[in-house]
Amino acid sequence: MAYLADFLIFFAFILVVTDFFAMSYGVFTAAGAIFFVVGTVILFSVMHAVPVFFIRIVLPTYITLTVFVSVFVYLGYKAYRAKVKIGESTLINEVGEVTKDIKDGEEGKILVNGELWTAFSDSEILKGSKAVITEIDNKLRLKVKPVENTQ
């Protein structure tokens, strides 16, 4: 039975190392953690005295696994609750700089948040002027209008 426990612990480390090289999205690491826990439980149910390597190897590994899992669960929850930072709703009402003239009925270019977009407008907007985004069409073109100067 002790050999089974040793094998499970060894196999757990192999799975964790394999997860560095294979794109398993953490499945190998999760399986390795389960095998590690099962292997140590079997090992200590067979042994009557607590061996020295438990204090030197197993206990720090349990603590490390617990800390990593807690941090990743916290970061995952934080990312889940974060405000959306991309998409149509973030571009509407943004102001950009026209980099290529936008003529009535024709396309031009506008720079918004460091990204160059194709834009169109109902009125003429010259290069170098500011424009505000009013909508996005189904071709990912931005409909813009000139920014009114309120001075």
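Based on this model, can you work out whether K78 counts as out of contact with any helix residue (DSSP H, G or I) (no Cβ under 7 Å at 6 or more places or on another chain), within 30 Å of I133 (Cβ to Cβ), part of a loop (DSSP other than H, G, I, E, B) and not hydrophobic (A, V, I, L, M, F, W, C)?
no
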- Residue list for region 95-109, restricted to those being surrounded by 15 or more Cβ atoms within 10 Å (Cβ to Cβ) and either under 28 Å from the mean Cα position of the chain (by Cα) or under 12 Å from V147 (Cα atoms) (or both): G96, V98
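Among the residues of region 18-51, how many are assigned to a helix (DSSP H, G or I), aliphatic (A, V, I, L, M) and more than 14 Å from T61 (Cβ to Cβ)?
Count: 5.
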- Name the one entry in K109, K103 that is of a type in the set (D, E, K, R) and at pLDDT 95 or above. K109
- Query: If G87 satisfies every condition in (1) surrounded by 10 or more Cβ atoms within 10 Å (Cβ to Cβ); (2) at pLDDT below 80 but one, which is the exception?
  - Reply: (1)
- Message: Take E124 and tell me if it is farther than 30 Å from A33 by Cα and loosely packed, with under 13 Cβ neighbours inside 10 Å.
- Response: no
- Query: In region 87-132, what residues are in contact with a Phe, Trp or Tyr (Cβ under 9 Å, 6 or more places away or on another chain) and in a strand (DSSP E or B)?
  - Reply: G96, I102, E107, G108, K109, I110, L111
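The values are calculated or read from the model by the stated rules, or taken from the named source; none is laboratory data. Here the structure is a predicted model, which means the values were calculated and not measured. Methodologically, a virtual Cβ is constructed for each residue, glycine included, from the backbone with ideal geometry; neighbour enumeration extends over all protein chains shown.
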